[in-house]
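See below for the structure under consideration.
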Amino acid sequence: MAAPEINDVDRLKRINQALMSRVERAMDQQGNAFSLFQTAINLENRVKTRTEELRATLRRLEQSNIDLVAAKDNAERANISKTRFLAAASHDVLQPLNAAHLSISALAELQTSEEGRKLVRQVERSLETMDDLLRTLLDISKLDAGVVRPEVGDVALEPLFAGLKSDFQPLAEKKGLRLRFRPTSLSVRSDRTLLRRILQNIVSNAIRYTAEGGVLVGLRRTDGMARIAVIDTGCGIPDHEHEAVFEEFHRVETPLRGDAAGGGLGLGLSIVRRMVDALGHRLTFSSRLGHGSVFRLELPLASGPAPEPQSVPSETEGPRGYGLFGTKVLLVEDDDAVLEATGALLQRWQCVVRAATSTETALAALGDTDWVPDIIIADQHLDHGDLGSETIASARLYLQRGVPGLIITADPSDELQQVTKSLGIELMRKPVKPAQLRALLAHLLA
């Protein structure tokens, strides 16, 4: 059947317009679809690019983390090596230093003139300064390595203050300064040795940087805490150096001369901060340039008064020999200089000495059991890998009696302290102060 003819021109135009519109919409839709397709392809390419960049960044980050872990391990190993090196080096250096201390003490016994005694005292002070510096370096190393374990207990402050005043009074008087410690009956919770070192360094700095006036050490009690204040009238610390003063080898810029300008290496406050952190105490300070400084140490109060520590007799206490006349001493030491110096000192105290350098020679010295030592003094690390603690144990077994034993060593390890404690052996650290050695010998023999 043939399509009917359309004679209406207007109608034909409308139909044509409708068809054209439909074609245009179809073309627009296809164009939009193509645009979307292109956009999707571009986005996909961008995602791929960003993903590759992210993967590359993650790979670099992973490698950086590996490098950081390796660097951290190397740093830790270096720190441990540094600690071991300083411990070993201090042991080797303390050996001749110990011999020098003992020799000087024996020399002091021989002096009859005031000039000779004055020279001996100067040498003793120099040796003590060297000893303090070596111990400070070793303490810094141990604190940095985290091997220091504070022994916290009740510490009476009055005897601690009295000891510090005794130590620093001559220096203060030499500079024309007043040094005062406020009396107190309070006790605190701290490590006695570390607390003394903290206050010792702060007071030493206060005196060093004070030209006139004085230093006052006082105490205030507040809310279960004690606040120890060290107040000086010194040169003060500039504001821009308030943090730097706790860095190693930093010294405050000061117009002072003499003791203030020439003393110290700038390690005092550095080790103070490490010790304070190890104890969990709090240290603050305030200062005015040209007017002085106030250092405040906050620490917990003890629940009750702490017993006063036994005092060590001084060099001048007691008669010559100090009750050691005729005491038989087996001295075991592998360092010739230390052996000679210790033997000379013991003989000055009128002791009878037999010397040895190892376990074998020590037992040989006891060959006739008619000679039984009253005490055995030994270094810990001897010839042929022998240990002084084992030498004392072997000698006791050989003699079949518990002869008092004393280990004198530069070995700072806690393991040695535990070994000597288990064997009932006394322990002294090098370098030895002769007065302390003499007092301990008298105590053991009593």
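So here's what we get for this one:
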| quantity | calculated |
| --- | --- |
| Scan of the stretch 358-381 for residues that are under 14 Å from LEU339 (Cβ atoms) and either among the hydroxyl-bearing types (Ser, Thr, Tyr) or in contact with a Cys (Cβ under 8 Å, 6 or more places away or on another chain) (or both), ordered by number | SER358, THR361 |
| Qualifying residue in the stretch 432-446 (condition: more than 25 Å from the chain's Cα centre (by Cα), on the phi < 0 side of the Ramachandran plot, surrounded by 15 or more Cβ atoms within 10 Å (Cβ to Cβ) and modelled with pLDDT of 90 or more) | no |
| Which listed residue, of LEU94, LEU102, is under 17 Å from ALA337 (Cα atoms), among the hydrophobic types (A, V, I, L, M, F, W, C), part of a helix (DSSP H, G or I) and modelled with pLDDT of 75 or more | LEU102 |
| Restricting the stretch 405-431 to residues that are closer than 16 Å to ALA393 by Cβ and among the hydrophobic types (A, V, I, L, M, F, W, C), the residue that is modelled with the lowest pLDDT | LEU416 |
| Qualifying positions in the stretch 353-382 - among the charged types (D, E, K, R) and buried (at least 16 other Cβ atoms within 10 Å of the Cβ) | ARG354, ASP374, ASP379 |
| Candidate set from the stretch 225-246 (those that are of a type in the set (Gly, Ala, Ser) and at pLDDT below 85); member that is nearest to SER286 (Cα to Cα) | GLY236 |
| Out of LYS82, LYS142, LYS118, sole residue that is charged (D, E, K, R), in a helix (DSSP H, G or I) and modelled with pLDDT of 75 or more | LYS118 |
| Criterion: of a type in the set (A, V, I, L, M, F, W, C), closer than 19 Å to VAL272 by Cβ and within 21 Å of the chain's Cα centre (by Cα) - qualifying residue of LEU216, LEU171, LEU195, LEU157 | LEU195 |
| Extreme residue, nearest to ARG296 (Cα to Cα), among residues of the stretch 212-228 that are surrounded by fewer than 18 Cβ atoms within 10 Å (Cβ to Cβ) and of a type in the set (Gly, Ala, Ser) | GLY218 |
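The values are calculated or read from the model by the stated rules, or taken from the named source; none is laboratory data. Just so it is clear, the structure is predicted and the values come from calculations on it, not from any experiment. A quick note on method: Cβ atoms are made from the backbone with ideal geometry, for glycine too, and the neighbour counts reach across all protein chains shown.
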